[in-house]
Amino acid sequence: MDIRFHCLYINFVNYIIHFDIASLVIVSIILAVLVFYKHFPTHNSRVFLLLTASTLTGVLFNLLSIYVNQYYALKAPLLTNMVNIIHIASVNMIPVFYYYFLLSMTHTNSEIPSVIKHILVGTVLYVLLSTISSPWSHWTMYNDETGVYHHGTGMAVLYIIAGFYVILGLIHCYKFKKRIKTASITCVLFYSVALVAAIFFQYFNPNCLVIGFAVSVSLLVCFLTLKNPLSYIHKSTETYNKAAFTEFLNVSVYSRKPVSLIFFQLDNFNSLKIQIGTTHAYKLITDYLKHINTSCENKYLFHIADNTYGFFCESGDVSNGKARILSEISKTPFYVNFSEEIAKTLAYHIKLSIYKIENLNIFKALKDKHKFLLTDEIVDILKFAVSHIKPPEPSSIVALDYTLFNQFYEKKAITHTVQDAIQNESFEVFLQPIYSTIKKRFIGAESLIRLKGSDGNYIPPAEFIPESERNGDILLIGDIALKKTCEFILETNMLDFGIETVNINLSVLQLFQENIVDHLLDIIYSYKLPKDIFRFEITESLATEDEINFGLMLNSLTKKGVMFALDDYGTGFSNTARLMSYPFFEIKFDKSLIDLACKDEQNMICLKHLVNMANEKGMITLAEGIEDEISACSLKEIGCNLIQGFYYAKPMNIADFKEFIKKNNNRTFA
């Protein structure tokens with residue numbers, strides 16, 4: 001493709017070169033920024049650099065060829081031929097490199113099909129050979145004996161090749177649109193439309209050199225939207241961001257030389273933001289990350305997600321050494337000065353959870369139907385590791401291998417099962433009877449959510465409830481649990497058999513939803529059940545997360561007639577003030593606290609005082625997790641009102657619960 005696009009020959013004096021000069025300035029600035037500014041050297045970035053360099057060369061030598069052909073065609077034919085060859089070759093490389101750039105957006109170098117590689121190499125060889133031989137073969141271009149510049153028949157072939165790669169680029173973007181960002185597709189369309197429009201314009205105005213300008217403006221748009229070095233920077237901590245990480249990950253997974261990934265989570269960063277303020281916390285972490293990078297002799301440190309960072313390095317001794325350095329760094333306080341005006345250095349201990357994947361080749365198996373690496377899925381796996389796998393002790397290093405995949409996909413399968421169960425409302429509820437030591441019969445029950453896996457076995461709630469709370473599914477699960485509980489109550493007629501109350505768990509997300517009471521009561525009233533039979537259980541850990549707002553919310557809801565129970569009391573930093581200050585109707589002592597009391601007389605005395613205080617305040621006291629007669633008798637002796645546990649009954653489905661209540665309603669336990 002010849003930027004001048006004239007059919008036979010044109011007097012060079014008549015050329016309008018302003019557009020080419022503008023192109024030269026634009027592309028020079030882009031190239032200078034790419035070379036001298038801190039940029040991320042991925043395969044895609046290198047191809048873009050190649051495309052930019054080819055464009056700059058084409059524009060520069062287009063201007064030179066105008067001058068040389070005008071004044072030196074006869075005086076220095078060798079120089080003229082060299083300038084023309086470089087000009088034609090560089091310009092006609094642009095569509096090839098452009099298509100290669102699009103390929104590098106979706107493929108690593110190893111993922112590009114060999115057929116495509118052969119076509120690209122063949123095109124480059126054709127352009128070079130046909131251009132280099134043209135001064136003598138007159139195939140593409142030549143100067144006649146009078147020095148006048150001409151196009152040969154081969155120039156039409158170059159235009160066809162250019163059009164072929166533009167069309168191929170559009171097809172490629174359409175085929176892999178799910179892997180290409182919207183901004184990338186927009187750039188491709190802009191390039192294609194601008195180039196075609198420029199070709200047509202220059203065809204009718206051959207003395208106006210606009211094709212190079214169209215290409216350079218397209219490059220500028222692409223640079224600003226896709227290849228701007230700043231787009232790879234995580235500004236808050238001056239590290240490379242997730243986009244840079246995924247590009248480097250693509251290359252590292254397929255590297256012939258084994259590459260390790262060492263990543264870590266800043267465990268106490270959120271608490272540091274509260275302690276010293278967000279601005280100072282980011283200053284502290286930015287300096288700390290620079291310290292890590294320098295100490296580990298890394299070029300690149302990446303922000304992977306949330307408070308998780310990492311770097312790539314050689315496997316073996318190098319990765320082991322860097323992991324040890326990181327571990328040592330985490331053991332010592334970090335000193336920082338927040339103000340240049342005040343010579344005061346403060347020390348902070350930053351807690352790290354450190355992980356290492358020795359060889360990233362283990363991720364080769366993670367491909368989609370097009371055999372592309374699922375980089376987003378790998379990032380999800382790393383996030384899963386950080387949230388679910390904790391180091392056995394501070395500063396220790398967790399080595400991750402293929403077992404991580406199994407854990408991740410098991411959790412992912414459970415998440416899909418949960419979402420299907422939400423859509424189909426296929427959750428079940430089991431009720432566990434609660435025994436009254438005063439009335440000496442079963443007067444209540446706790447509703448417990450149950451979910452069957454694809455294998456027909458029940459998934460433990462601990463495996464899906466925490467994740468559901470993290471992703472927000474718990475809101476819908478809570479509604480389904482309440483509906484299923486209401487259906488359970490009606491189907492078993494339990495109120496007619498002496499069951500007076502039913503406890504049901506309430507999550508933190510539910511509690512802080514707007515109009516939560518009206519929402520819960522609407523569900524209860526839709527089944528024509530009285531609200532007074534329900535006790536909504538809130539865990540002690542929830543009560544300690546945001547005590548001020550929690551207290552305000554609890555008092556507001558209690559005034560509307562909703563009764564709450566404090567669940568798992570004794571698992572956190574329990575204190576009497578919290579127990580006494582909130583309007584709980586019922587307090588449930590956790591199994592761990594009960595077990596300690598039943599094993600030690602002094603602990604039992606402490607538990608007795610807690611029970612007495614709660615009873616005197618008018619609270620109902622309930623001990624959960626009771627599994628033997630001795631524990632049950634001990635709890636009755638210290639005044640515990642209600643007892644729940646396997647000693648009396650396990651959680652049951654509708655049929656079993658109905659049968660149990662009929663048989664055991666009047667039964668007296670020891």
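The values are calculated or read from the model by the stated rules, or taken from the named source; none is laboratory data. Computed from a predicted structure; not experimentally measured. Positions of Cβ are generated from backbone atoms using ideal geometry, with glycine treated the same way; all protein chains shown enter the neighbour counts. Please note that ligands, DNA and RNA were not included when accessible areas were found on the heavy atoms of the full protein model with its side chains. Shrake-Rupley method; radii C 1.70, N 1.55, O 1.52, S 1.80 Å.
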Cα extents of region 448-493 along the three principal axes, largest first, in whole Å?
34, 25, 14
Please report the relative contact order for region 113-204, taking Cα pairs under 8 Å with a sequence separation of at least 6, and give it as a percent rounded to a whole number.
13 percent
For the chain, give the share of DSSP beta bridges that are antiparallel, in percent and rounded to the nearest 5; count only bridges with both residues there.
55 percent
Need one number: % antiparallel among DSSP beta bridges in region 357-476, to the nearest 5.
90 percent
Note on region 47-159: the mean projected area of its alpha-carbon convex hull, in nm², is 7.1 nm²
Express the relative contact order of region 418-534 as a whole percentage, based on alpha carbon pairs under 8 Å and six or more residues apart in sequence.
26 percent
Mind checking the log10 I(q)/I(0) for region 269-324 at q = 0.18, 0.25 Å⁻¹? Debye, one equal scatterer per Cα, no solvent, two decimals.
-0.68, -1.02
With unit charges on the beta carbon (Lys/Arg positive, Asp/Glu negative), name the residue among 212, 114, 384 whose Cα is farthest towards the positive pole of the charge dipole of the chain.
212
Inverting the mean 1/r over all pairs of different Cα atoms, compute the Kirkwood radius of the chain and quote it in Å.
31.1 Å
Cα-centred dipole magnitude for region 81-196, charges only on beta-carbon of K, R (+1) and D, E (-1), debye, nearest 20:
760 debye
Protection-proxy order for peptides 147-156, 246-255, 402-411, each taking the mean of Cβ atoms within 10 Å per residue, highest first:
246-255, 147-156, 402-411
Apportionment of accessible area to carbon and sulfur, the chain, percent (1.4 Å):
59 percent
Over all directions, how big on average is the projection of the convex hull of the alpha-carbon atoms in region 38-85, in square nanometres?
4.1 nm²
Per residue, in Å², the accessible surface of the chain once ligands and nucleic acids are set aside, probe 1.4 Å:
47 Å²
Estimated dipole of the chain in Debye, rounded to 20 [Cβ of Lys and Arg +1, of Asp and Glu -1, Cα centre]
1480 debye
Tell me, rounded to the nearest percent, the portion of alpha carbon pairs in region 402-539 spaced more than 25 Å apart.
32 percent
Evaluated over region 92-154, the Cα radius of gyration and Dmax, each in Å:
15.8, 51
The chain - percent relative contact order, Cα under 8 Å, separation 6 or more:
9 percent
Which one, 644, 625, 660, projects farthest toward the positive side of the charge dipole computed for region 621-670 from Cβ point charges (K/R +1, D/E -1)?
660
Region 223-278: Kirkwood hydrodynamic radius (Cα pairs, Å) comes out at 14.0 Å
Taking only complete DSSP H runs, can you tell me which helices of the chain stretch 24 Å or more along their own long axis by Cα positions and average at least 1.0 on the Kyte-Doolittle scale?
18-36, 77-106, 114-132, 154-175, 182-204, 474-492
Using 5 Å bins from zero, what percent of all Cα-Cα pairs in region 144-275 falls into each bin?
2, 8, 10, 14, 13, 12, 11, 9, 7, 5, 4, 3, 2, 1, 1, 0, 0
